[in-house]
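Any read-out appearing in this document is the output of simple, stated calculations on the displayed coordinates, not a laboratory observation. Note that the coordinates shown come from a computational prediction; the quantities given were computed from them, not determined experimentally. Here Cβ is always computed from backbone atoms with ideal geometry, including for glycine, and neighbour counts include all displayed protein chains.
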């Protein structure tokens, strides 16, 4: 009772703050966002007062769709799977896991792209109370071995094209069972036959020699199908749910350090899904959703998969996504909703395939995962307007440690450059990194987050957990994002840069790479730009900015001419201490698995280049 009372009191306080923000009542102005919560004026009272009851992700999925079993849940290369079939398949996979000895608390490592089998396993493990350790199949054999050993998994399920990696390192781990899944298993029959014929021909040319014989998905699934265990598709096992227990482990991208396992609970995944619905974006059961985000990232499993399925949308699974072919997917599936990262829109707005297309069917062309360049956002919005779409780019903000999403734009408040307003049950504040004090509106500081999306902690990494999860004066646990941003009096959040991307000179001056990138991109001379720190060889410490430049395919200027013009522009628009030390021209940027420019790789490249130059200079 006390817990519920506390929640109700906080809800009532938020309702009071909404009235305050709307000017319906008078109150003492403080000028601090986490006190005022100005974003609440964009939500109705029902959205603020509503709280999703604690339950497993499977229970939430079932609760939302058990009376709509004939509707389409998944679309896999035009193979349509109804909610009834989805629940039956989850049921059989649940029994298969149980028959293989998987119990509550066990960690099963799943290394799969977006396939129906990955969906079945995710929800099946939640029914058991087991944990899905989601690993990118593109990870090296050594990397996968580390994940397996860390989790002490006795079972791994892997896409067949990555099985060789598991086979090589299995003896180093505690694996007792390996299940290999072909991406062709759930394909429509003609595509399945064509895929398997091609696969057979390729294997005949280069027959693999495995040390361990895996169990096929067909064998695994048949075990569950034949099981006589009393597990029924539409039954909720209420004894399974335990509050604040791990449901899934997803791994940080590692672009700013060693990847860490992020433990997310049922409450976390459910919270990001239902709060997204409360933003007021028109999301309905009869809509479809293009899911290009892989299930091994928080953004993918929470917002790419669980969100549309709990709404009841037809979720289109794309197992292997090529950003250069994004326009072909849009043309083929005509998605009403989709999620992606900002860089994908550079491809879309230049697409010849979509040049004369009517995109009026789109409601939420959503981007997240990275800050969107203002010019690209404006260009994308103009592209959508010209193609009869009634909605601008829908932006969001989040990170793995908060289940992928904590803020998003609403119809009434979609300011250019912002990443939206906090979700209904989420509080975002801007704090001074040194003093820990909260900062006023418009003043940049570290973005900190508290609410139901906050992770349980890093897996077996207490030190890193304490560093990012800190208890503030209000008694709440806040995630320290490592992002620098500011908030406006309307509740709009703007991301300026990453703290770890800050370039600190030998004299202590701090340089925001994003400031330099903005000036360079506004020149119209470059296709893309990323600024990283390079060693300052003239001083014992400190770094200087190095600008990596990708030029347009069609340009009459040489690299030297472009550099000369950029130096003049930077000299005019940037302070002396922020002038780029070097311009590096690059044909194409390397991307992380989720489509962000790999800044860590750029930093390593320029550091190694400077070191080589130093060695050459010393020899001379």
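So for the chain: antiparallel DSSP bridges make up what percent, rounded to the nearest 5? Beta bridges within the chain, antiparallel portion: roughly 55 percent. Each residue, residue 588 and residue 462, gets one label point 7 Å from its Cα in the Cβ direction; the gap between the two is 4.7 nm. The simple Förster model, with R0 at 30 Å and r as the Cβ-Cβ distance, assigns residue 324 and residue 612 a FRET efficiency of 0.40.
Dividing the convex hull volume of the alpha carbon atoms of segment 502-619 by its residue count gives 118 Å³ per residue.
Once you order the gyration tensor axes a ≥ b ≥ c over the Cα atoms, which shape class does segment 103-260 get: rounded for a/c under 1.5, otherwise prolate or oblate by comparing a/b with b/c? Provide the component values of the computation, followed by the final result.
Details: a/c = 1.82, a/b = 1.17, b/c = 1.55.
Since a/c reaches 1.5 but b/c is at least a/b, the shape of segment 103-260 is classed as oblate.
Would you please state which residues of segment 309-331 a label at residue 350 would reach in this model, taking the label point 7 Å out along Cα→Cβ and a backbone N cut-off of under 19 Å? Of the residues in segment 309-331, 322-331 have backbone N under 19 Å from the label point off residue 350.
Which of the peptides 418-431, 563-576 is most tightly packed, and how do the rest follow, going by the mean number of other Cβ atoms within 10 Å of each residue?
Values: 418-431: 24.5, 563-576: 13.9.
The packing order, highest mean first, is 418-431, 563-576.
Distance from the Cα centroid of segment 109-155 to that of segment 547-594 is 41 Å (rounded to whole angstrom).
Take the alpha carbon atoms of segment 376-430, find their center, do the same for segment 508-537, and report the distance between the two centers in whole angstrom. Value for the Cα centre distance between the two parts: 24 Å.
What is the gain in length, in nm to one decimal, between residue 571 and residue 489 on full extension, counting 0.36 nm per residue of separation less the C-alpha to C-alpha distance? Provide the component values of the computation, followed by the final result.
On the way: separation 82, 0.36 × 82 = 29.52 nm, distance 3.33 nm.
So the chain would gain 26.2 nm between residue 571 and residue 489.
Taking a point 7 Å out from the Cα of residue 558 in the direction of its Cβ, the residues of segment 574-617 whose backbone N falls within less than 20 Å of it are 582-587.
At an R0 of 56 angstrom, the distance between the Cβ atoms of residue 70 and residue 172 translates into a FRET efficiency of 0.75. Taking only the alpha carbons of the chain, we obtain Rg and Dmax values of 25.1, 79 Å in that order. In this simple spin-label model, placing a label point 7 Å from the Cα along the Cα-to-Cβ direction at both residue 152 and residue 515 gives a separation of 5.0 nm. If I model a spin label as a point 7 Å beyond the Cα along the Cα-Cβ vector, how far apart are those points for residue 244 and residue 434 in nm? The modelled label-to-label distance comes out at 3.5 nm. One chain, two ends: residue 579 and residue 604. Fully extended at 0.36 nm per residue, the span grows by 6.9 nm beyond their Cα-Cα distance. With the helix formula -39500 (n - 2.57) applied to DSSP H stretches of n ≥ 4, the chain reaches a computed 222 nm mean residue ellipticity of -10000 deg cm²/dmol.
Going by the alpha-carbon gyration tensor, a ≥ b ≥ c the square roots of its eigenvalues, is segment 54-94 rounded (a/c under 1.5) or, if a/c is not under 1.5, prolate (a/b greater than b/c) versus oblate?
Numbers: a/c = 2.11, a/b = 1.56, b/c = 1.35.
Taking the square roots of the gyration eigenvalues as a ≥ b ≥ c, segment 54-94 is prolate.
Calculate the length of the line joining the C-alpha centroid of segment 260-318 to that of segment 174-216, in whole Å. So the two Cα centres are separated by 29 Å. FRET efficiency for the pair residue 234 and residue 99, taken as 1/(1 + (r/R0)^6) with r the Cβ-Cβ distance and R0 = 22 Å, rounds to 0.60.
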